[in-house]
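Inspection log for the structure reproduced underneath, given as C-alpha cells.
The values are calculated or read from the model by the stated rules, or taken from the named source; none is laboratory data. Treat the numbers as computed from the prediction; the structure is a model and nothing was measured. Note that each Cβ is placed from the backbone with ideal geometry, even for glycine, and that neighbours are counted across all protein chains shown. Please note that ligands, DNA and RNA were not included when accessible areas were found on the heavy atoms of the full protein model with its side chains. Shrake-Rupley method; radii C 1.70, N 1.55, O 1.52, S 1.80 Å.
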Amino acid sequence: DSANPVLTFEGKKYLINELSNEIKESIKALQIAESVGDFALAGYAELGLGRQEQACKRPDEMQNSGMLKTEVFNLAAAGRISARCGELTRAKQYFEKSLSIGPHYAGWVKVSYTRLLVRMQLFDEALAFTSKYMDSEFSAKTSQHAIQLFRAYALSKTNKPKQAKKLVKNVMTQNDVERTKKFFERTLNSSKDSDFVTDIMKTLQAVGFN
C-alpha cells in the first residue's frame with residue numbers, strides 16, 4: 001500500500017508512518033553501514049535502535065579490521081560506544097589515542113572525553129584536560145559550555161566551590177543558556193548512567209546551575 005509504505009528490516013516488516021524519524025534514520029544507517037563494512041556507523045546505529053549487545057561487539061570488529069590504527073573519528077567512535085557499554089577504561093584508551101593523533105579534531109570528542117573522565121571520578125585528570133580549553137573558541141558554543149560545566153563539577157568534587165560557582169555563573173549568563181542546558185542534558189543522558197547524571201545535576205545545582 002503506497003499510502004502506508006513498509007520498511008523491511010531483518011526479515012520483519014514495519015509501517016514507516018509508525019516509526020519515529022530517529023528509528024528510521026538508525027535503520028537506514030545500519031543498512032548502509034553493513035553494506036560497506038563500516039563498524040563505527042553500525043555501532044552508533046545499533047545504540048540508536050537499542051541493540052546494545054550488538055553495538056558492544058563493534059569496537060572489537062573495528063580493532064580486528066584495522067579501523068583503529070590512525071583514524072581519529074573511528075577511535076573516538078570506539079570510545080563513545082565502549083563508554084555506553086560500560087567499558088570505561090577501554091573507552092578512555094580509545095579517546096586518548098584519538099586525541100593524541102588529532103588534538104584539534106571535533107569538539108564532540110573533547111566533550112565525550114571530559115564526560116568520561118568525570119564519570120570515572122578522575123577529577124584531577126579532568127581539570128588538567130579542561131584547563132587547556134578554557135580560552136579556546138569552539139565552533140559550537142554548546143560544546144565549550146558543556147566542557148565548562150564538567151569542569152565546574154570536577155572543581156566542586158575537589159572542594160573548590162568558589163571556582164565552580166564562577167564558572168557556572170559564566171555559563172548561566174550567556175545568551176544561549178537554554179540551548180546549552182538542552183545540549184548538556186542530552187550529553188549527560190547519552191551516558192545511560194543514572195547515578196552519574198543524578199550526582200552531577202545535584203552538584204551543579206548547588207553551585208548555581210538551574
**Prompt:** How many residues does segment 152-206 hold that are among the β-branched types (Val, Ile, Thr), within 18 Å of Arg115 (Cβ to Cβ) and outside any helix (DSSP H, G or I)?
**Reply:** 1
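The rows are residues; the columns are (1) over 18 Å from the mean Cα position of the chain (by Cα); (2) within 30 Å of Glu71 (Cβ to Cβ); (3) polar (S, T, N, Q).
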| site | (1), (2), (3) |
| --- | --- |
| Ala83 | no, yes, no |
| Arg90 | no, yes, no |
| Lys97 | no, yes, no |
| Tyr113 | no, yes, no |
| Ile147 | no, yes, no |
| Lys162 | yes, no, no |
| Gln174 | yes, no, yes |
| Ser190 | no, yes, yes |
| Met201 | no, no, no |
**Item:** Ala154 open to solvent by less than 30 Å² (accessible area, probe 1.4 Å), touching a residue at least 12 places away in the same chain (Cβ under 8 Å) and either farther than 28 Å from Glu53 by Cβ or among the β-branched types (Val, Ile, Thr) (or both)
**Value:** yes
**Request:** Output the residues belonging to segment 73-106 that are open to solvent by 50 Å² or more (accessible area, probe 1.4 Å), among the β-branched types (Val, Ile, Thr) and at pLDDT below 95.
**Result:** Ile101
**Fill in**
Checked segment 113-137 for anything free of Cβ contacts under 8 Å to residues at least 40 places away in the same chain, within 15 Å of Leu99 (Cβ to Cβ) and open to solvent by less than 30 Å² (accessible area, probe 1.4 Å); matches are Tyr113, Thr114, Leu116, Leu117, Ala126, Phe129, Thr130
